[in-house]
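Below: one structure, written as structure tokens.
The values are calculated or read from the model by the stated rules, or taken from the named source; none is laboratory data. Predicted, not measured: the structure shown is a model, and the values here were computed from it. Positions of Cβ are backbone-derived with ideal geometry, glycine not excepted, and every protein chain shown enters the neighbour counts.
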Ligand code: GRF
């Protein structure tokens, strides 16, 4: 299955997926494209180092979200992408991509959804004082972090934890969880 990873930032989840693929843990996944809406996103350099095709699509260059996503859709179709994997992509997916990839877009979110959706989910959970949080992989629908849940994993927050240590713990489980979900979703080829 040819996948595109969409990311706006660092790309540690992209790296975890690429590492799992390199170790032979994703036999039915072909990392066909890394797409970013930020030219300076470190994830693009990481993809270049792995010789994975990269694309930067500048949202400011388009008059509307529809025009922006129509261009992305053309790139995806050109690359025959079958599954979109959001990994720190800081933009809401619009109707153009949702219609074209119904049930074929997944996201990872750093909280136990439906608690703490949104771009500050991890920090919001920590600030709230929850003692258990985690990461969720889910299908993407038109809402913000609202689609059907595929998998979740939890961590405990102790008195010694800071936002930094919780972030680190969550990243660790994300880096295991996302490749595992991808392996399962693609196992039928
Ligand atoms: C992850 O914590 C993910 O849950 C959230 O954005 C972050 C991306 O991190 N959606 P990275 O760029 O993969 O390091």
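Among the conditions (1) within 11 Å of the ligand (Cβ to nearest atom); (2) under 17 Å from residue 107 (Cα atoms); (3) without any contact (Cβ under 8 Å) to a residue 40 or more places away in the chain, the only one that residue 31 does not satisfy is (1).
For the stretch 92-112, the set of residues classified as within 16 Å of the ligand (Cβ to nearest atom) and either surrounded by fewer than 20 Cβ atoms within 10 Å (Cβ to Cβ) or at pLDDT below 95 (or both) consists of 92 only.
Quick check on residue 171: is it surrounded by fewer than 18 Cβ atoms within 10 Å (Cβ to Cβ), under 21 Å from residue 11 (Cα atoms) and within 12 Å of the ligand (Cβ to nearest atom)?
Answer is yes for this residue.
Of all residues in the stretch 58-82, those satisfying the criterion of being part of a loop (DSSP other than H, G, I, E, B) and surrounded by 17 or more Cβ atoms within 10 Å (Cβ to Cβ) are 79, 81. Taking residue 165, is it away from the ligand (no atom under 13 Å from the Cβ), within 18 Å of residue 10 (Cβ to Cβ) and surrounded by fewer than 17 Cβ atoms within 10 Å (Cβ to Cβ)? For residue 165, the condition - away from the ligand (no atom under 13 Å from the Cβ), within 18 Å of residue 10 (Cβ to Cβ) and surrounded by fewer than 17 Cβ atoms within 10 Å (Cβ to Cβ) - is met.
Of the candidates 81, 108, 17, 92, the single residue that is closer than 30 Å to residue 129 by Cβ and in contact with a strand residue (DSSP E or B) (Cβ under 7 Å, 6 or more places away or on another chain) is 108.
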